[in-house]
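Down below is the structure, laid out as structure tokens.
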Amino acid sequence: MRRGELRVAILAIEGTNCDQELFEAFRSLGCQPEIVFLKQLEGERSPPSLRRRLSDFQILMLPGGFSAGDYVRAGAVLAARIQSRLGDEMADFIRSGKLVGGICNGFQVLVEMGLLPGGVEARPGPPQAALNTNDSAHFECRPTYCRWDGGNFRPFKDHLPAGTVLYIPSAHGEGKLILSGAHGADLRDLLANGQILFRWTDPDGNPAGYPWNPNGSPGDVAGLTSREGTVFGLMPHPERSFQIYHHPDWMRRPVSSDMGDGRRFFEAMVRYAETHL
């Protein structure tokens with residue numbers, strides 16, 4: 001599929017934000033992004049001209065923010081609404097090999113839906129993990145770095161060298177990964193399955209504690225993928241490091257292009273969708 005034909009749905013309800021930044025990121029890469037409200041997919045309260053279906057898109061992104069005010073738990077309300085109204089459509093979307101991504105609050109939603117870490121069935125189910133309150137008990141908004149150690153994330157697989165460190169800033173209050181132990185899942189299982197998308201590091205790529213790990217996640221886990229590598233979630237915000245001048249020290253760095261590390265992330269997604277969908 002040609003890049004100009006790739007349609008990206010950026011799902012929004014009350015309380016989501018960063019949807020516009022995601023829209024601009026995908027648009028600048030030549031795709032056709034659209035901010036789609038949940039009720040447009042549910043269909044009942046939308047006029048026909050605004051009705052949308054998941055099958056119309058090749059990439060689904062769940063942005064950051066505070067969906068439904070983060071009542072109950074972060075991401076829980078949106079997760080429940082998607083499960084109850086779009087569960088079968090989501091399962092079909094995932095089985096088709098299309099990409100589903102969640103950033104920050106979107107990651108929390110995918111965890112609440114049971115899609116991450118996920119089992120062998122590509123459909124919503126009981127949560128197998130939680131993203132708990134940061135160890136600092138504060139909302140952490142700061143520069144952070146993540147290391148890709150290799151794994152099954154399809155857009156990076158065979159393209160991004162293991163050990164690559166990316167600058168991707170963070171802004172969250174509930175990002176500490178806690179595994180429930182359901183189905184025997186633990187960090188060793190996730191590592192063996194290639195499901196750890198990113199680990200928090202210092203700027204040189206070395207393991208480090210707070211503040212480089214802003215939430216205290218065991219194993220410095222900053223993001224996960226499904227076993228199939230097409231559903232993913234991460235706590236930091238790549239849309240906030242899309243251009244090189246988004247880096248806090250960009251004036252002190254040699255600048256060879258205007259590409260920030262976040263752009264590398266989204267470019268990999270788009271390249272994968274071009275060649276596989």
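The values are calculated or read from the model by the stated rules, or taken from the named source; none is laboratory data. Everything numeric in this text was worked out from a predicted model, so none of it was measured. Here the Cβ positions follow ideal geometry from the backbone for every residue, glycine too, while neighbour counts run over all protein chains shown.
Of the residues examined, LEU38 is one that is over 16 Å from GLY229 (Cα atoms) and of a type in the set (A, V, I, L, M, F, W, C). In the set (1) over 27 Å from GLY75 (Cβ atoms); (2) buried (at least 21 other Cβ atoms within 10 Å of the Cβ); (3) among the hydrophobic types (A, V, I, L, M, F, W, C), MET251 fails one condition alone, (2). You will find that of ASN134, ASN105, ASN193, ASN152, the residue that is polar (S, T, N, Q), touching a Phe, Trp or Tyr at 6+ places or on another chain (Cβ under 7 Å) and more than 20 Å from PRO248 (Cβ to Cβ) is ASN105 and no other. The residue that is farthest from LEU160 (Cα to Cα), among those in the stretch 185-228 that are assigned to a loop (DSSP other than H, G, I, E, B) and among the charged types (D, E, K, R), is ASP186. Pairs linking a residue in the stretch 196-217 that is small (Gly, Ala, Ser) to a residue that is part of a loop (DSSP other than H, G, I, E, B), with Cβ atoms under 8 Å and 6 or more positions apart or on different chains, are GLY205/GLY163; ALA208/ASP202; GLY216/ASN134; GLY216/ASP135; GLY216/SER136; GLY216/TYR210; SER217/GLY175.
In the set ARG188, ARG240, which member is among the basic types (Lys, Arg) and without any contact (Cβ under 8 Å) to a residue 24 or more places away in the chain?
Numbers: ARG240 fails: without any contact (Cβ under 8 Å) to a residue 24 or more places away in the chain.
Checking each option against the conditions leaves just ARG188.
The residues on offer are LEU187, LEU177, and the sole one that is under 25 Å from THR133 (Cβ atoms), among the hydrophobic types (A, V, I, L, M, F, W, C) and surrounded by fewer than 18 Cβ atoms within 10 Å (Cβ to Cβ) is LEU187. When SER256 is tested against the conditions (1) small (Gly, Ala, Ser); (2) modelled with pLDDT under 95; (3) closer than 24 Å to ILE59 by Cβ, the lone failure is (3).
If you take the residues in the stretch 151-171 that are hydrophobic (A, V, I, L, M, F, W, C), surrounded by 15 or more Cβ atoms within 10 Å (Cβ to Cβ) and part of a loop (DSSP other than H, G, I, E, B), which one is farthest from the chain's Cα centre (by Cα)?
Applying the first criterion (hydrophobic (A, V, I, L, M, F, W, C)) to the stretch 151-171 yields 153, 156, 160, 162, 165-166, 168, 171.
The next check asks that each one be surrounded by 15 or more Cβ atoms within 10 Å (Cβ to Cβ); those that pass are 153, 156, 160, 165-166, 168, 171.
Keeping just the survivors that are part of a loop (DSSP other than H, G, I, E, B) gives 153, 156, 160, 168.
Working: PHE153: 12, PHE156: 14, LEU160: 18, ILE168: 12 Å.
The qualifying residue farthest from the chain's Cα centre (by Cα) is LEU160.
Quick check on GLU14: is it more than 18 Å from MET113 (Cα to Cα), out of contact with any strand residue (DSSP E or B) (no Cβ under 8 Å at 6 or more places or on another chain), touching a residue at least 24 places away in the same chain (Cβ under 8 Å) and surrounded by fewer than 17 Cβ atoms within 10 Å (Cβ to Cβ)? It is true that GLU14 is more than 18 Å from MET113 (Cα to Cα), out of contact with any strand residue (DSSP E or B) (no Cβ under 8 Å at 6 or more places or on another chain), touching a residue at least 24 places away in the same chain (Cβ under 8 Å) and surrounded by fewer than 17 Cβ atoms within 10 Å (Cβ to Cβ).
Can you tell me how many residues in the stretch 218-235 are in contact with a strand residue (DSSP E or B) (Cβ under 8 Å, 6 or more places away or on another chain) and in contact (Cβ under 8 Å) with a residue 60 or more places away in the chain? Write out each step before concluding.
Step one: list which residues in the stretch 218-235 are in contact with a strand residue (DSSP E or B) (Cβ under 8 Å, 6 or more places away or on another chain), which gives 218-226, 230-235.
Now restrict to residues that are in contact (Cβ under 8 Å) with a residue 60 or more places away in the chain: 222-226, 230-235.
Total satisfying the criteria: 11.
Quick one: is LEU191 touching a strand residue (DSSP E or B) at 6+ places or on another chain (Cβ under 6 Å) and of a type in the set (A, V, I, L, M)? It is false that LEU191 is touching a strand residue (DSSP E or B) at 6+ places or on another chain (Cβ under 6 Å) and of a type in the set (A, V, I, L, M). Restricting the search to helices (runs of 4 or more DSSP H) fully inside the stretch 34-150 and requiring at least 3 residues that are within 25 Å of LEU191 (Cα to Cα) and at pLDDT 95 or above gives 105-112.
Looking only at the stretch 259-273, residues that are more than 29 Å from GLY209 (Cβ to Cβ) and at pLDDT below 95 come to 1 in all.
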